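Working notes, structure below.
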Ligand SMILES: NC(=O)c1ccc[n+]([C@@H]2O[C@H](COP(=O)([O-])OP(=O)(O)OC[C@H]3O[C@@H](n4cnc5c(N)ncnc54)[C@H](O)[C@@H]3O)[C@@H](O)[C@H]2O)c1
């Protein structure tokens, strides 16, 4: 158990990549704080089946709300004391092109993906991780944040829309900023950038994998294993890095 006795906060833990990440970190011994808008009951069942002595806390609310974020961090700290790992995973993905997308859609993706990541980082680092002189922050961005997203064939709509791509690009830049500001305190900040991965976000969307080196779309466990590396004490000399987990979709 690499993470025995540590506490990990995972946002978007009700489904998909976040659910698998919470499960894996729990299996590695971490106390897990599951944050989501929706009930995490399915994730909690899997966690308890995998480890009968699993320790967890469920915090339900909207991560775009600064007061909710502060309250969730306070509950986690009151329950477990030190907070070691933060995984900013919850996300939304609008797919409409510039011609039809609305300001509400822009705000939703920017606030869920980028603003909430900032809110969680700010709430957890100085009151907790800096004091402890230890922390592992992992932001789940996307290859869309690196390549600007992919326009769907023949339409202006995308497999990921402009707000999604911009918000994931913001997460990538923020990852590097945070790495630079906090390295001296024993805190690392890295990002996992998934390619297409099976989840609610990708359900019903066609992905052509013929150009990928590995000819399948990802599964949440592919992403969770990468998160585990960055969450582990052993990754302490790696910071500000963006790890693409995309089956060899893009290089360089
Ligand atoms: N699945 C993919 O192909 C893929 C590719 C690249 C990046 N990602 C990123 O991975 C992350 C996880 O996505 P997923 O594929 O597991 O999707 P998912 O829809 O299964 O999970 C997203 C979770 O975030 C939660 N959430 C959304 N908005 C929230 C809010 N305002 N407050 C609290 N919780 C909220 C949802 O309830 C859901 O449980 C996202 O950031 C996504 O952008 C996914």
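The values are calculated or read from the model by the stated rules, or taken from the named source; none is laboratory data. Remember, it's a predicted structure, so these values are computed and weren't measured experimentally. Glycine also receives a Cβ, built like all others from the backbone with ideal geometry; neighbour counts cover every protein chain displayed.
With the checklist (1) over 20 Å from the mean Cα position of the chain (by Cα); (2) farther than 27 Å from residue 203 by Cα in hand, flag the one item residue 104 doesn't pass.
(2)
At pLDDT 95 or above, more than 18 Å from residue 12 (Cβ to Cβ) and in a helix (DSSP H, G or I) - does that describe any residue in region 186-207?
So far as region 186-207 goes, no, none of its residues is at pLDDT 95 or above, more than 18 Å from residue 12 (Cβ to Cβ) and in a helix (DSSP H, G or I).
What is the number of the single condition among (1) more than 12 Å from the ligand (Cβ to nearest atom); (2) part of a loop (DSSP other than H, G, I, E, B); (3) farther than 24 Å from residue 128 by Cα that residue 2 does not meet?
(3)
For region 151-159, does any single residue satisfy the condition of being more than 16 Å from the ligand (Cβ to nearest atom), modelled with pLDDT under 95 and touching a strand residue (DSSP E or B) at 6+ places or on another chain (Cβ under 6 Å)?
So far as region 151-159 goes, yes, one or more of its residues are more than 16 Å from the ligand (Cβ to nearest atom), modelled with pLDDT under 95 and touching a strand residue (DSSP E or B) at 6+ places or on another chain (Cβ under 6 Å).
Would you check which residues across region 194-220 are touching a residue at least 60 places away in the same chain (Cβ under 8 Å) and touching a strand residue (DSSP E or B) at 6+ places or on another chain (Cβ under 6 Å) and list them?
Result: 194, 197.
What tally of residues in region 17-36 results from selecting those that are surrounded by fewer than 24 Cβ atoms within 10 Å (Cβ to Cβ) and without any contact (Cβ under 8 Å) to a residue 40 or more places away in the chain?
Residues in region 17-36 being surrounded by fewer than 24 Cβ atoms within 10 Å (Cβ to Cβ) and without any contact (Cβ under 8 Å) to a residue 40 or more places away in the chain: 2 in total.
Hey, any hits in region 184-197 for a residue that's under 19 Å from residue 2 (Cβ atoms) and surrounded by fewer than 16 Cβ atoms within 10 Å (Cβ to Cβ)?
The answer is yes, given that some residue of region 184-197 is under 19 Å from residue 2 (Cβ atoms) and surrounded by fewer than 16 Cβ atoms within 10 Å (Cβ to Cβ).
Filter region 221-232 down to residues that are in contact (Cβ under 8 Å) with a residue 60 or more places away in the chain and in contact with a strand residue (DSSP E or B) (Cβ under 8 Å, 6 or more places away or on another chain) and give me whichever is nearest to residue 17 (Cα to Cα). Don't jump to the end; show me each part of the working.
We begin by selecting, within region 221-232, every residue in contact (Cβ under 8 Å) with a residue 60 or more places away in the chain; these are 221, 223-225, 227-228, 230-232.
Remaining after also requiring in contact with a strand residue (DSSP E or B) (Cβ under 8 Å, 6 or more places away or on another chain): 223, 227, 230-232.
Working: 223: 7, 227: 10, 230: 15, 231: 15, 232: 18 Å.
Among those residues, the one meeting the criterion is 223.
Please work out which residue is nearest to residue 145 (Cα to Cα), limiting yourself to region 160-179 and to residues that are away from the ligand (no atom under 13 Å from the Cβ) and without any contact (Cβ under 8 Å) to a residue 40 or more places away in the chain.
The selected residue is 173.
Can you pull out every residue in region 229-251 that is over 12 Å from residue 196 (Cα atoms) and crowded, with 20+ Cβ neighbours inside 10 Å?
230, 231, 239
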